[in-house]
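The values are calculated or read from the model by the stated rules, or taken from the named source; none is laboratory data. Everything numeric in this text was worked out from a predicted model, so none of it was measured. Don't worry about glycine lacking a Cβ; one is built from the backbone with ideal geometry, like all the others, and counts go over all protein chains shown.
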Amino acid sequence: MKATSHLKQVLGKGHFAVTAECGPPKGADQEAILRKAELLRGKVDAVNVTDNQTAIVRMSSLAACALLKTAGLDPVLQVVVRDRNRIALQSDILGAAGLGIRNVLCLSGDHQSFGNQPQAAGVFDLDSIQFVQAVRTMRDKGVILGGEALTKAPDLFIGAAANPFGDPFAFRVVRLGKKVAAGAEFIQTQCVYNLERFEKWLSMARDKGLTEKTCILGGVTPLKSAGMAKYMKKRVAGMDVPDEVVKRMEGVPSKKQGEEGLKICVETIKRLKELPGVRGVHIMAIEWEEKVAEIVEAAGLLPRPA
């Protein structure tokens, strides 16, 4: 029987999918990945592994995905075009498929000036949309860019990211449409705090028929504190944290703010689940993976499909 993406199967059967995120360690400690794997086992359908997120050097996404695969999880390989030219990008795609990884998320990547290696040269040989198209060409036509045939095509479920909160707002859906046309079969969005704006974006996507052509997973991140909410509002590009969310976090004692952040996260998931066109949720519990099980259970998303 041909191995395939568990995430793809879950979505294909009409289930509301749940994915989570796993940040690799800032070192060569494989146990750090395996510990996170145990926290997420049975709670989510697939696990994204970030690729040097915020341009900070970490264990490679490909290596961490291989570790998750051996632990019995369905990893989503995140790959950014910031660090690789088209030779390396296509090579990593073939390597991932050869290791049995069945999902890929094609990303631009945070600019290196934000990380711990600001002097690094950005590559950006392809943009994220071109990268999606390259992976689809490799999979569906069995050729690399330029047309040379592969001895075996990679079998991958292809994803991309979307930010419903950037400006200009009308362009957000145009860009989504380009990614879907290029071959993105699932979309994971930026963290949703401004549900009103997200619903407007989703309505525009529905009107263009995009929600019928791809599987949209709304992104959520539990807030640990009012300080985190304010930082994300003011300092994180592309993030939209409404004033009422910040005030709600500030309105509880500091020791209870983490609990309030979890409540907001669960409420957001329940709201997302009701929206036509949302096919799942992507939980980005940044270095707080131990709370994912609590979030999923409180949101009524257990048990997960076998």
- [ ] Using the structure shown, decide if A66 is surrounded by fewer than 21 Cβ atoms within 10 Å (Cβ to Cβ), outside any strand (DSSP E or B) and at pLDDT 95 or above.
- [x] no
Open item on the list: Being of a type in the set (K, R) and either touching a Phe, Trp or Tyr at 6+ places or on another chain (Cβ under 6 Å) or closer than 24 Å to R172 by Cβ (or both) is the requirement here; does K234 meet it?
Closed with: yes
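Determine if the range 19-35 includes at least one residue that is in a helix (DSSP H, G or I), within 18 Å of the chain's Cα centre (by Cα) and of a type in the set (S, T, Y). Show your work before the answer.
Of the range 19-35, the ones in a helix (DSSP H, G or I) are 30-35.
Subsequent filtering for residues that are within 18 Å of the chain's Cα centre (by Cα) retains 33.
Narrowing the set further to residues that are of a type in the set (S, T, Y) leaves none.
There is no residue in the range 19-35 that is in a helix (DSSP H, G or I), within 18 Å of the chain's Cα centre (by Cα) and of a type in the set (S, T, Y).
I'd like to know if the range 245-261 contains one or more residues that are within 16 Å of the chain's Cα centre (by Cα) and not basic (K, R). Give the derivation first.
We begin by selecting, within the range 245-261, every residue within 16 Å of the chain's Cα centre (by Cα); these are none.
No; the residues of the range 245-261 include none that is within 16 Å of the chain's Cα centre (by Cα) and not basic (K, R).
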Open item on the list: Quick check on this structure: which one of T54, T4 is on the phi > 0 side of the Ramachandran plot, outside any strand (DSSP E or B) and either among the polar types (S, T, N, Q) or touching an Asp or Glu at 6+ places or on another chain (Cβ under 8 Å) (or both)?
Closed with: T54
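Just checking, how many residues over the range 147-169 are within 20 Å of V49 (Cα to Cα) and part of a loop (DSSP other than H, G, I, E, B)?
Going through the range 147-169, the residues within 20 Å of V49 (Cα to Cα) turn out to be 154-163.
Filter once more, keeping what is part of a loop (DSSP other than H, G, I, E, B): 154-156, 163.
Within the range 147-169, residues that are within 20 Å of V49 (Cα to Cα) and part of a loop (DSSP other than H, G, I, E, B) number 4.
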Open item on the list: Could you check the range 225-239 and list, in sequence order, the residues that are modelled with pLDDT under 95 and outside any helix (DSSP H, G or I)?
Closed with: V236, A237, G238, M239
Task: Lone qualifier among G300, G219, G209, G261 - being crowded, with 18+ Cβ neighbours inside 10 Å, of a type in the set (G, A, S) and under 30 Å from G12 (Cα atoms) - done: G219
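Are any residues in the range 183-206 assigned to a helix (DSSP H, G or I), small (G, A, S) and either modelled with pLDDT under 95 or crowded, with 21+ Cβ neighbours inside 10 Å (or both), and if so, which ones? Outline the logic, then answer.
Looking only at the range 183-206, we keep the residues that are assigned to a helix (DSSP H, G or I), and these are 195-206.
After this cut, where a residue has to be small (G, A, S) as well, the list is 203, 205.
Hit for the range 183-206 is A205, nothing else.
Just give me the residues in the range 69-103 being in a helix (DSSP H, G or I) and more than 19 Å from T137 (Cβ to Cβ), in sequence order.
So in the range 69-103, the residues in a helix (DSSP H, G or I) come out as 69-70, 86-98.
Residues satisfying the conditions are K69, T70.
Answer yes if at least one residue in the range 112-128 is part of a helix (DSSP H, G or I), surrounded by 17 or more Cβ atoms within 10 Å (Cβ to Cβ) and either of a type in the set (S, T, Y) or out of contact with any Gly (no Cβ under 8 Å at 6 or more places or on another chain) (or both), and no otherwise.
yes
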Open item on the list: I'm checking my understanding of the structure. Among residues of the range 166-197 that are in contact (Cβ under 8 Å) with a residue 60 or more places away in the chain and of a type in the set (F, W, Y), which one is nearest to Q133 (Cα to Cα)?
Closed with: F186
Open item on the list: Condition (residue is among the small types (G, A, S), on the phi < 0 side of the Ramachandran plot and under 18 Å from the mean Cα position of the chain (by Cα)) applied to the range 68-88: is it met by at least one residue?
Closed with: no
Open item on the list: Show the residue pairs meeting these rules: Cβ distance below 8 Å; 6+ apart or different chains; first residue within the range 147-165 and touching a residue at least 60 places away in the same chain (Cβ under 8 Å) and buried (at least 23 other Cβ atoms within 10 Å of the Cβ); second residue part of a loop (DSSP other than H, G, I, E, B) and acidic (D, E).
Closed with: F157/E185; G159/E185
Open item on the list: Residue pairs, Cβ under 6 Å, 6 or more apart or interchain, first in the range 268-292 and in contact (Cβ under 8 Å) with a residue 60 or more places away in the chain, second crowded, with 23+ Cβ neighbours inside 10 Å and of a type in the set (D, E, K, R). List them.
Closed with: M284/E21; E289/K36
Open item on the list: Taking the criterion of being in a helix (DSSP H, G or I) and small (G, A, S), would at least one residue in the range 207-224 satisfy it?
Closed with: no
TODO: Just give me the residues in the range 134-146 being more than 21 Å from the chain's Cα centre (by Cα) and either assigned to a loop (DSSP other than H, G, I, E, B) or crowded, with 17+ Cβ neighbours inside 10 Å (or both), in sequence order.
DONE: T137, M138, G142, I144, L145, G146
